[in-house]
Amino acid sequence: MFTLLPFHIFFNYRKGKTPRRPPPKKPSNNQKDPVGVYCRVRPLGAEDGECCVEVISSTTIQLHAPDGLKANRNGEFKETQYSFKKVFGIKTTQCELFEDVAKPLADDLIHGKNGLLFTYGVTGSGKTYTMTGSPGQGGLLPRSLDMIFNSIGPFQAKRFVFKPDDKNGMEVQNQVDALLERQKRESQQSVPKTPSSRQRVDPEFADMINPDEACKADDVDEDSSYSVFVSYIEIYNNYIYDLLEEAPMDLIKPKWNGAGTPLRHNTEFIPPQSKILREDQNHNMYVAGCTEVEVKSTEEAFEVFWRGQKKRRIANTQLNRESSRSHSVFIIKLAQAPLDADGDNVLQDKNQVNVSQLCLVDLAGSERTSRTRAEGSRLREAGNINQSLMTLRTCIEVLRENQMCGTNKMVPYRDSKVTHLFKNYFDGEGKVRMVVCVNPKTDDYEETMLVMRFAEMTQEVEVARPVDRPICGFAAGRRQRNQERGGPVDGEPPAALNQLLQSFPPLPASELSDPNDDHTIPRLIEALEKRHRIRQMVTEDYNKAANMLKSMLQDLDGNLMSKENFIQDQRGRLGEKDKMIQNQKNEIDRLEKKSKMLEYKIDILQKTTNIYEEDKRALQHELESRDHRLQREVSEKKRMEVRMHGLVTDEKLRWQKECTGPPVRPMHRRSHSAGAERWVDHKPSTNVELDTVMQPSVANAIKVSAPSEKALAKCDKYMLTHQEMASDGEIQTKLIKGEVFKTRGGGQSVQFTDIETLKQENPLGPSRKRTSSETGPNQEECKDGSWTDVETRCAVAVEMRAGSNLGPGYQNHGYSKRRKP
Ligand code: ADP
Ligand code: MG
């Protein structure tokens, strides 16, 4: 009987009003776009005659002054060219125009940005055709609506979930409140049910758009819920009228036929009340109290538009107005709000609701009043209407001047309702586009030229680019996930509620017709008591469930708290660990630096070692080579010694042989022993007779050798060797050299010419002092450290010439080498 409401519904029952936040600060945006101005040339009508407009490229048109006009003004009018963002020629289809002009604006709307599109031109130039179109030739308005619904169709919120707050804002209410409101509206018979299919749409608007031409926006945020609201207003004579306002039934006296014409004319027609403009908390202008109708399909939106259109027509007829002198403004508002985290309900936060709007404005004809032959009050009105277009022109001029010259002149938006209403767009609330409509007939030439000038000027105005709306914090794909789970999206939430209501026993008939009726009231009381009991039970159940939920929630809260504490705790630890890690990292860094330093040092040492090793190797090498050289020299010396020995021995033998002949005759000698060697005392002197030379005088003479007489007879050179020991133990060898010549008596005489002294240290004696008078002797240090003087010169001479025998006691020393004994 009673089921516990699903959790999400339970929560939605709180009609939670979110606290009012200060208006969001408009983000500054430096990017600006020029007002997009497009030009559309309509085909000439059958009766229009000459053409004065030529499309010369996709962006340029040329105006040809009519002949008559040229003549009148002395040819002052030149052929003038005007350039636009794009020019659409007579063959342009409604669909092509929509693609270029309105589709981007509809796309912006779906993505939360505002847009303003207006048609401008003289009456009959095709403004209404461009904006509204005709059956089968839908204009920009129906196409925009179609695109919007094609795009957001499946993501639309239930009716009354979004609710305009009459202050240009949008509230969001939970599904139960929305349902109750729906039921309330449905019960009010005065509001006609909106059509749900094309069959119910006015035939004039049916099939405006070929299904092949249907289009759709890309990247629609599926995690949002959408609702479209439309308003339709007319500005006439600087008054604003709400074309969708429902007049109280009893005030509308005339009865209408289907075509929108009154069945009878009478004085009971209540003229519509004009509306005023207000500024909302975000400083956006809006029409206060303007009807905003929530529509769920293109057809429904058409229907609402058509209702407003009919009303406009009636009012104009009734009030004898000229419809071309009024501006019509159709406002499409798109409310969107993100789905909640579960993806099954619109997030109940007014601040998350984004409202974007696209204003489609069909301006009054721009022609001057003089052309419209109006009189009296009509003329005054017309003047006012012209005034609003004049104000539009002035505003554009001032805007352009401000932007171009950097001035800060006040833009007179407030001077007319049209400019005042759209002030925000020029201040950067959205994209602004204008379609300039041109009727190429010559009659319109002058007016068309003014239109062109205004249009060119408008293109020079730049409007700040609207910023992207902020993204809500939930993850994407919520709607899809919820649908996969089978959850309701904007569904009928109060099924449980309906069930509950139906579970009450029906009330019995309670009409009392008879005062004696004893049954009806008791039965009613009984039924009511029963209902009361059920209600009490349900309330109890509900309370129980609520309490249970409450305690569950409290438990959850407790859990959450402890979890949070735990997390906090862990965070603290994590922080400490982080610090530790940081410290260790620092230490590692330091050590790494140190190790790098050491590596560097090692490297340097290694290099130094290498250098030293190389030095060492080089030195060793040198040492070895010196060693080798030394050894070579030693062995050379040895070889030399051996050879010298051999030579000396040979020489000795030869001398001995030669000296064994008879001694020189006059030589005075004292023999020590009978042999080849005789010890003599003699004091040699140069150039002495051999007899006198040979005077033995020196007591310390050791040895005297002289060539034999036989040898002497053969030689012409003579050498006497005289060896003696000095007191310091030095052995002196004197080589007394002389020339041999024949005496008159037939003998030989020797004349001494040179004495060479060789000294040898006595190895047994003290330090040796060597003196030598000879020139160029070979000196060799013997292995035992004693000195040997070598004289070879005379030896050679003797070798060559020796022959005269000086006597057997003389020994000729060609080479003398004494070794330490
Ligand atoms: P305006 O709103 O500027 O006064 P309308 O849109 O009412 O002008 O156009 C006047 C007439 O010209 C209408 O009958 C309309 O069907 C026709 N017309 C305008 N523009 C075109 C167009 N581009 N192609 C065909 N017919 C057009
Ligand atoms: Mg029109």
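The values are calculated or read from the model by the stated rules, or taken from the named source; none is laboratory data. Since we're looking at a predicted model, the values are computed, not measured. Counting neighbours? That spans all protein chains shown, and the Cβs are built from the backbone with ideal geometry, glycine included.
Some notes on this structure:
- Test: residue in the stretch 419-439 that is in contact with a Lys or Arg (Cβ under 9 Å, 6 or more places away or on another chain), among the hydrophobic types (A, V, I, L, M, F, W, C) and in a helix (DSSP H, G or I): no
- In this structure, residue 469 does not qualify as at pLDDT 75 or above and surrounded by 11 or more Cβ atoms within 10 Å (Cβ to Cβ).
- Failed item, numbered, when residue 135 is tested on (1) surrounded by 15 or more Cβ atoms within 10 Å (Cβ to Cβ); (2) touching a residue at least 24 places away in the same chain (Cβ under 8 Å); (3) over 45 Å from the mean Cα position of the chain (by Cα): (1)
- Of all residues making up the stretch 338-361, the number that are more than 30 Å from residue 418 (Cα to Cα) and either in a strand (DSSP E or B) or outside the structural domain of residue 304 (by the TED database) (or both): 3
- Output for the stretch 312-332, where each listed residue is away from ligand 2 (no atom under 16 Å from the Cβ) and either surrounded by fewer than 23 Cβ atoms within 10 Å (Cβ to Cβ) or over 58 Å from the mean Cα position of the chain (by Cα) (or both): 314, 318, 319, 320, 331
- One residue from 592, 651 being within 60 Å of the chain's Cα centre (by Cα) and acidic (Asp, Glu): 592
- Residue match in the stretch 416-424 (condition: more than 43 Å from the chain's Cα centre (by Cα), surrounded by 22 or more Cβ atoms within 10 Å (Cβ to Cβ) and under 30 Å from residue 44 (Cβ atoms)): yes
- Hits in the stretch 101-132 (condition: within 16 Å of ligand 1 (Cβ to nearest atom), under 19 Å from residue 149 (Cα atoms) and assigned to a helix (DSSP H, G or I)): 101, 131
- Residues in the stretch 227-247 that are polar (S, T, N, Q) and either over 30 Å from residue 346 (Cα atoms) or surrounded by fewer than 22 Cβ atoms within 10 Å (Cβ to Cβ) (or both): 237, 238.
- If only residues of the stretch 294-346 that are among the basic types (Lys, Arg) and within 16 Å of ligand 1 (Cβ to nearest atom) are counted, the one that is modelled with the lowest pLDDT is 321.
- Picking from residues in the stretch 34-52 that are of a type in the set (Val, Ile, Thr) and under 14 Å from residue 88 (Cα atoms), the one that is farthest from ligand 1 (Cβ to nearest atom) is 37.
- Close pairs from the stretch 632-659: first closer than 24 Å to residue 720 by Cα and not assigned by the TED database to the domain that holds residue 720, partner crowded, with 16+ Cβ neighbours inside 10 Å and among the charged types (D, E, K, R), Cβ under 6 Å, at least 6 apart: 648/817
- Residues (of a type in the set (D, E, K, R) and more than 16 Å from ligand 2 (Cβ to nearest atom)) located in the stretch 96-138: 96, 99, 100, 103, 107, 108, 113
- Residue within the stretch 360-368 that is away from ligand 1 (no atom under 16 Å from the Cβ) and either at pLDDT 80 or above or of a type in the set (A, V, I, L, M) (or both) present: no
- Within the stretch 35-52, being modelled with pLDDT under 90 and assigned to a strand (DSSP E or B) holds for one residue alone: 51.
- All conditions in (1) within 28 Å of residue 36 (Cβ to Cβ); (2) more than 16 Å from ligand 1 (Cβ to nearest atom) hold for residue 169, with the sole exception of (1).
- Only one entry in 565, 516 is surrounded by fewer than 10 Cβ atoms within 10 Å (Cβ to Cβ) and farther than 30 Å from residue 179 by Cα, namely 516.
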